[in-house]
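Undergrad: Here it is, the structure in full.
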Amino acid sequence: LQHHAIGCYSVTRSVKVGVRRAEHLLRQAELMNERILQREVAVATQIKEAWERVCLHHFHDTLGGTCIPSAYRQVDAHLGYASAVADDIVQYGLRSKMNELPDDARQRIVLFNASDAAFEGYIECEPCVGGIRWQPEWPLTDEEGRPIPCQAMGLEAVGPGRSRVLFRARVAAGALRVVRIERDGKAAPAEPRVGALSDRITNDRGISAFVSANGHLEYP
């Protein structure tokens with residue numbers, strides 16, 4: 001890269017983040033309309049209009065952060081509109097898909113990957129569990145009844161009878177998965193994924209952080 005207009009790569013970060021977020025959400029909305037909503041014409045029109053606003057702000061002055069500050073109020077509004085339209089479509093499609101699930105005596109957490117790439121990582125959710133806190137003896141199970149290690153977490157919003165739980169899952173592109181809360185079962189012990197020694201911390205993927213002589217974390 002030539003050392004020209006270096007600030008354009010970093011200034012007005014909210015627009016850069018807003019553009020990227022809107023792009024990802026609109027792609028998810030496109031896939032949702034193709035796979036779940038049967039290519040509804042009205043939905044396709046909404047997506048097209050939202051894309052037009054996002055593409056408008058690919059303009060190099062807008063995305064580069066060199067417009068006058070007052071212009072960005074409209075830019076932020078356009079990007080917010082595009083993201084909101086896409087999110088509504090994804091949520092509507094998911095609820096349509098959930099209506100097809102058979103009845104189940106157990107409470108379920110439904111996961112849907114509305115993208116064209118597989119997802120593997122940690123999921124946080126706040127299931128409604130009848131006004132009581134998450135109990136350590138409650139396990140999560142997958143579609144085959146296999147236990148899923150989980151961990152109760154601190155709440156994002158404080159309130160009585162609220163729970164927040166963390167677990168790891170893999171969801172293929174465009175796939176829906178169902179996780180069940182087994183209130184009458186026994187939680188599976190979670191295998192340790194992190195090991196700690198006096199001078200280092202290492203996870204199960206071999207990534208380590210070392211503690212230097214001055215107490216700072218360093219990575220190889």
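Undergrad: Before we move on, is residue 154 exposed (fewer than 12 other Cβ atoms within 10 Å of the Cβ), part of a loop (DSSP other than H, G, I, E, B) and modelled with pLDDT under 80?
TA: Numbers: exposed (fewer than 12 other Cβ atoms within 10 Å of the Cβ): yes; part of a loop (DSSP other than H, G, I, E, B): yes; modelled with pLDDT under 80: no.
Criteria not met by residue 154.
Undergrad: Against the conditions (1) open to solvent by 40 Å² or more (accessible area, probe 1.4 Å); (2) among the polar types (S, T, N, Q); (3) outside any helix (DSSP H, G or I), where does residue 91 fall short? Just the number, please.
TA: Condition (3) is where residue 91 drops out.
Undergrad: Return only the number of the condition from (1) modelled with pLDDT under 90; (2) surrounded by 13 or more Cβ atoms within 10 Å (Cβ to Cβ) that residue 168 does not satisfy.
TA: (1)
Undergrad: If the Cβ limit is 9 Å and pairs must be 6+ apart or interchain, which residue in segment 35-60 that is of a type in the set (Lys, Arg) pairs with which residue that is at pLDDT below 95 and crowded, with 19+ Cβ neighbours inside 10 Å?
TA: These pairs meet every condition: 35/93; 35/114; 39/33.
Undergrad: Among all residue pairs at least 6 apart or on different chains, which show Cβ distances below 7 Å where the first residue, located in segment 101-114, is open to solvent by 40 Å² or more (accessible area, probe 1.4 Å) and the second is not in a strand (DSSP E or B)?
TA: 106/182; 107/127; 112/94; 112/97
Undergrad: For segment 158-186, which residues satisfy the criterion of being part of a loop (DSSP other than H, G, I, E, B) and under 18 Å from the mean Cα position of the chain (by Cα)? Reasoning before the result, please.
TA: Filtering segment 158-186 for residues part of a loop (DSSP other than H, G, I, E, B) gives 158-164, 172-175, 182-186.
Once the filter is applied, which keeps residues that are part of a loop (DSSP other than H, G, I, E, B) and under 18 Å from the mean Cα position of the chain (by Cα), segment 158-186 yields 164, 172, 173, 174, 175.
Undergrad: Among the residues of segment 43-51, is there at least one that is exposed (fewer than 13 other Cβ atoms within 10 Å of the Cβ) and of a type in the set (Ser, Thr, Tyr)?
TA: Applying the first criterion (exposed (fewer than 13 other Cβ atoms within 10 Å of the Cβ)) to segment 43-51 yields 45, 48-49.
Imposing the further condition that a residue be of a type in the set (Ser, Thr, Tyr) reduces the set to 45.
Checked against the condition, which is being exposed (fewer than 13 other Cβ atoms within 10 Å of the Cβ) and of a type in the set (Ser, Thr, Tyr), segment 43-51 yields at least one hit.
The values are calculated or read from the model by the stated rules, or taken from the named source; none is laboratory data. Since the model is a prediction, treat every value here as computed from it, not as a measurement. Note that each Cβ is placed from the backbone with ideal geometry, even for glycine, and that neighbours are counted across all protein chains shown. What goes into the accessible areas is simple: the full protein's heavy atoms, side chains included, and nothing from ligands, DNA or RNA. Shrake-Rupley method; radii C 1.70, N 1.55, O 1.52, S 1.80 Å.
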